[in-house]
Amino acid sequence: MRRIRTVTSRVQETPSTVTLRFFDDLPAAPGQFVMLWVPGDDELPMSLSFCEGERGVTVKSMGATSAHITRLQEGDKIGVRGPYGNQFDVAPRHILLVGGGSGTAVLAPAAEALVRGGGELTVALGATTGPELLFAERLRPLADAVHLATDDGSEGYHGFVTDVVTRLITMQSFDAVWTCGPEVMMSKVEAAASRVGVPVWCSVERHMKCAVGICDACALGPFHVCQDGPVFPGATLRRLEEFAHSHRDPSGRKLPFGSPPPTTLPPSS
């Protein structure tokens, strides 16, 4: 059931991402998401970037509705449904966390829960440019090392974070990899880890409407991301023709990654 909550704080995390905090009384786990509704606008799935105390969502401006959400201020009202979906297994282990762009949002609370329970953490973060690196400082106190990569070379390694992961995975021993970001990135992370026998868990982001497995908008092969995910074993995703190759637009039409949205439809949020 949707409930109305008040935005208690707003933080500009990067030039394109904003964190909104709000109080909620339903329990939430790292990896889960909520459906966030702005009165008078659309409803969008948002991973929880903070799961305890004040909840939080970290929103990147990508379409009309998400841009509207990033402009909300303290005291504004939002509608919240959920949380939905499964979660990361935060049992104590040595985890390599790989975040691409705003995908780091869902990984941060999982990292905090892992370390709080006695686990070990190594972090690799990638972004187009240095100012867009998300939650690097939040993760730094938790990790034995934080490795950065930017497409333009403005911070850290000049290149893709997958290059950093390939090097780390051959130099160090990890029990598992957690990753969230563009599907092509996650596919490359999974391939690198599978070569050395390290299991990967991917948090998948897809269009969602109902969040309860009815509308089929988030279909991914035989799965619904809202109910079977959003956290999937990388080995499962590797067998799906759609993963890292195609996605569905808001109408449900399957499109290859990189293709522009149809001009007859409103811009994707």
Of the residues in segment 219-241, those that are part of a loop (DSSP other than H, G, I, E, B), free of Cβ contacts under 8 Å to residues at least 60 places away in the same chain and touching a strand residue (DSSP E or B) at 6+ places or on another chain (Cβ under 8 Å) come to Leu240
Mind listing whichever residues of segment 1-36 are surrounded by 18 or more Cβ atoms within 10 Å (Cβ to Cβ), of a type in the set (Phe, Trp, Tyr) and closer than 15 Å to Gly75 by Cα?
Phe22
Which numbered condition Ala149 misses (of (1) of a type outside the set (Phe, Trp, Tyr); (2) assigned to a strand (DSSP E or B); (3) under 26 Å from Gly117 (Cα atoms)):
(3)
Is there a residue in segment 31-42 that is in a loop (DSSP other than H, G, I, E, B), under 22 Å from Val225 (Cβ atoms) and modelled with pLDDT of 95 or more?
yes
If a residue has to be more than 27 Å from Asp151 (Cβ to Cβ), assigned to a strand (DSSP E or B) and touching a Phe, Trp or Tyr at 6+ places or on another chain (Cβ under 8 Å) to count, how many in segment 57-105 make the cut?
8
The one condition His147 fails out of (1) under 17 Å from the mean Cα position of the chain (by Cα); (2) buried (at least 18 other Cβ atoms within 10 Å of the Cβ); (3) modelled with pLDDT of 95 or more; (4) of a type outside the set (Val, Ile, Thr) is (1)
Filter result for the condition that a residue is of a type in the set (Val, Ile, Thr), farther than 20 Å from Val18 by Cα, in contact (Cβ under 8 Å) with a residue 40 or more places away in the chain and not in a loop (DSSP other than H, G, I, E, B), over Thr122, Thr170:
Thr122
Restricting attention to segment 212-222, does a residue exist that is acidic (Asp, Glu), in the same structural domain as Ala111 (by TED's automatic domain parsing) and at positive phi?
yes
For segment 173-197, give me each residue that is of a type in the set (A, V, I, L, M, F, W, C), free of Cβ contacts under 8 Å to residues at least 60 places away in the same chain and in a loop (DSSP other than H, G, I, E, B).
Val196
Complete set of residues in segment 90-105 that are small (Gly, Ala, Ser) and under 24 Å from Val184 (Cα atoms)
Gly99, Gly100, Gly101, Ser102, Gly103, Ala105
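The values are calculated or read from the model by the stated rules, or taken from the named source; none is laboratory data. Keep in mind that this is a model prediction, so the values were computed, not measured. Note: ideal-geometry Cβ built from the backbone for every residue, glycine included; neighbour counts use all protein chains shown.
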